[in-house]
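Read the figures in this text as sums done on the coordinates, not as results from a lab. If you're wondering where the values come from, they're calculated on a predicted model, not measured in any experiment. Cβ sites come from the backbone with ideal geometry, for glycine too, and all protein chains shown count toward neighbours.
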Amino acid sequence: MVIMSTIENIPDRQGIFQGREIVVGVCGGIAAYKVADVVSKLVQSGAGVTVCMTAEAQRFITPLTLEALSGRAVRTQMFDLMDSSDPQHIGLTERADLLLVAPATAHNLAKAAHGMCDDLISLLICASACPVLFAPAMNNRMWENPITRQNVKKLRDAGHFFIGPEDGWLACRNVGPGRMSEPGTILEAVAGMLAERGPATTQNPSANPSAKIP
C-alpha cells in the first residue's frame with residue numbers, strides 16, 4: 001500500500017501527533033540525515049519518538065544526534081538490556097502507534113520480506129504490533145531490480161505501507177527513482193495513517209502541547 005495524503009486534507013495536524021508514540025527505525029543510507037528532521041518535527045508536534053538504528057546507519061548519523069532530538073535513548077542492539085523486562089525491545093511496537101522505517105534500504109526490505117531478524121530493526125518489523133511505514137531509499141537500479149520489486153510486493157501484501165521513493169538526483173550521481181521522500185512528505189504520510197488509526201490510546205507525558213512546526 002502506498003500512502004498518498006496531503007497535510008491540507010488532515011484536520012488539526014498538531015492534535016494528530018499529540019500524545020502519539022512512534023518508533024523510528026533508521027537504516028544505513030545517506031538519506032539517514034533527513035531522518036533527523038523527521039524526528040525533530042514529530043517531537044515538536046507532541047509525539048513521543050523512540051529511535052532504533054542499525055550498525056550501518058550509525059556510519060551516516062550518530063545516535064547522539066537522534067538522542068538529542070528525540071530526548072530519549074537510542075536503541076542500537078537487540079540485547080543491550082535498557083529495559084530488563086523486554087531485552088529484545090519487542091515491546092516497543094506494542095506501545096507504539098506506528099513504526100517508521102527510514103531510510104528503508106534494499107537490504108532491509110529484503111530481510112523484512114523474508115522474515116529475517118538478525119538486527120533490532122528487522123526484529124521489530126517482524127514482531128510489530130503496530131502499522132509499519134517504509135520510506136525506501138536506494139540506487140535506481142536497485143529499486144527497479146525485479147527481486148526488490150518482489151520484496152516490496154510481499155511487504156505490501158503483508159499489510160505494510162510505503163511512502164516513496166521519488167525520482168531525482170541520487171547520491172550515486174544517477175537520476176531516477178530511489179530518492180527518499182522529503183521529511184515533509186513523510187510527516188504527511190505519518191499524519192494520514194495516524195488519522196485513520198483514530199485517537200491516541202495513551203498520552204505522552206513528555207509532549208509539549210505548545211510546540212509548533214515552523
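Some observations on this one:
- Segment 98-146, relative contact order [Cα under 8 Å, separation at least 6], %: 54 percent
- Spacing of the two label points (7 Å from each Cα toward its C-beta) at C126 and L64, in nm: 3.3 nm
- As a rough footprinting exposure proxy, the listed residues F17, F79, F60, F162 were ranked by other beta carbons within 10 Å of their own, and the order from fewest upward is F79, F60, F162, F17.
- Gyration tensor analysis over the Cα atoms of segment 7-197 returns equivalent ellipsoid semi-axes of 23, 20, 17 Å (largest first, whole Å).
- Sequence-ordered 3J(HN,Hα) estimates for segment 94-99 from the Karplus curve with 6.51, -1.76 and 1.60 and θ = phi - 60° stand at 6, 9, 9, 8, 6, 10 Hz, glycine and proline given as x.
- Couplings 3J(HN,Hα) of segment 128-145, computed from phi: 4, 9, 9, x, 10, 10, 9, 10, x, 8, 5, 4, 4, 6, 5, 5, 8, 4 Hz, in residue order, whole Hz [Karplus 6.51 cos²θ - 1.76 cosθ + 1.60, θ = phi - 60°; x for Gly and Pro].
- Positive minus negative residues near Q150 (Lys, Arg vs Asp, Glu; Cβ under 13 Å): +2
- Approximating the spin labels as points 7 Å out from Cα along Cα→Cβ, the E166-to-Q77 distance works out to 3.8 nm.
- The relative contact order of segment 7-197, computed from alpha carbon pairs under 8 Å that lie at least 6 residues apart in sequence, is 22 percent.
- Each of H114 and K154 was given a label point 7 Å from its Cα along the Cα-to-Cβ line. The distance between the two points is 0.7 nm.
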